[in-house]
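Just below is one structure, and these are the notes that go with it.
The values are calculated or read from the model by the stated rules, or taken from the named source; none is laboratory data. Everything numeric here is computed off the predicted structure, so don't read it as measured data. Using ideal geometry, Cβ is built from the backbone for each residue, glycine included, and neighbour counts are taken over all protein chains shown. What goes into the accessible areas is simple: the full protein's heavy atoms, side chains included, and nothing from ligands, DNA or RNA. Shrake-Rupley method; radii C 1.70, N 1.55, O 1.52, S 1.80 Å.
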Amino acid sequence: MAYKINDGCVSCGACAGQCPAGAIKEGETHYEIDADACLDCGACAGTCPTGSIEEA
């Protein structure tokens with residue numbers, strides 16, 4: 001199951017830099033994860049300073 005980024009995201013970009021699949025891009029209001037590209041590795045969740053990444 002892919003991860004998702006909730007509205008607590010402050011758009012710092014830390015997660016995008018850690019994603020080995022390149023599945024995280026800046027969205028309109030905050031960063032977003034492409035569920036089809038997500039490897040479900042959790043690397044992004046471990047780097048999020050606001051804890052805004054959770055399993056979908």
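Structure values in brief
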item: Qualifying positions in the range 26-43 - under 14 Å from Val10 (Cα atoms) and either under 8 Å from the mean Cα position of the chain (by Cα) or in a loop (DSSP other than H, G, I, E, B) (or both); result: Gly27, Glu28, Thr29, His30, Tyr31, Glu32
item: Close pairs from the range 19-32: first among the aromatic types (Phe, Trp, Tyr) and open to solvent by less than 90 Å² (accessible area, probe 1.4 Å), partner part of a strand (DSSP E or B) and at pLDDT 95 or above, Cβ under 6 Å, at least 6 apart; result: Tyr31/Ile5; Tyr31/Ile24
item: Filter result (open to solvent by 60 Å² or more (accessible area, probe 1.4 Å) and in a loop (DSSP other than H, G, I, E, B)) within the range 1-18; result: Met1, Asp7, Val10, Cys12
item: Pairs with Cβ under 6 Å, 6+ apart, first in the range 45-56 and farther than 19 Å from Pro20 by Cβ and of a type in the set (Val, Ile, Thr), second in a loop (DSSP other than H, G, I, E, B) and open to solvent by 70 Å² or more (accessible area, probe 1.4 Å); result: Thr50/Val10
item: Residues satisfying the stated conditions in the range 43-56, i.e. surrounded by 13 or more Cβ atoms within 10 Å (Cβ to Cβ) and among the small types (Gly, Ala, Ser); result: Ala43, Ala45, Ser52
item: Filter result (over 10 Å from Ile5 (Cα atoms) and out of contact with any Phe, Trp or Tyr (no Cβ under 7 Å at 6 or more places or on another chain)) within the range 26-39; result: Glu26, Gly27, Glu28, Thr29, Asp34, Ala35, Asp36, Ala37, Leu39
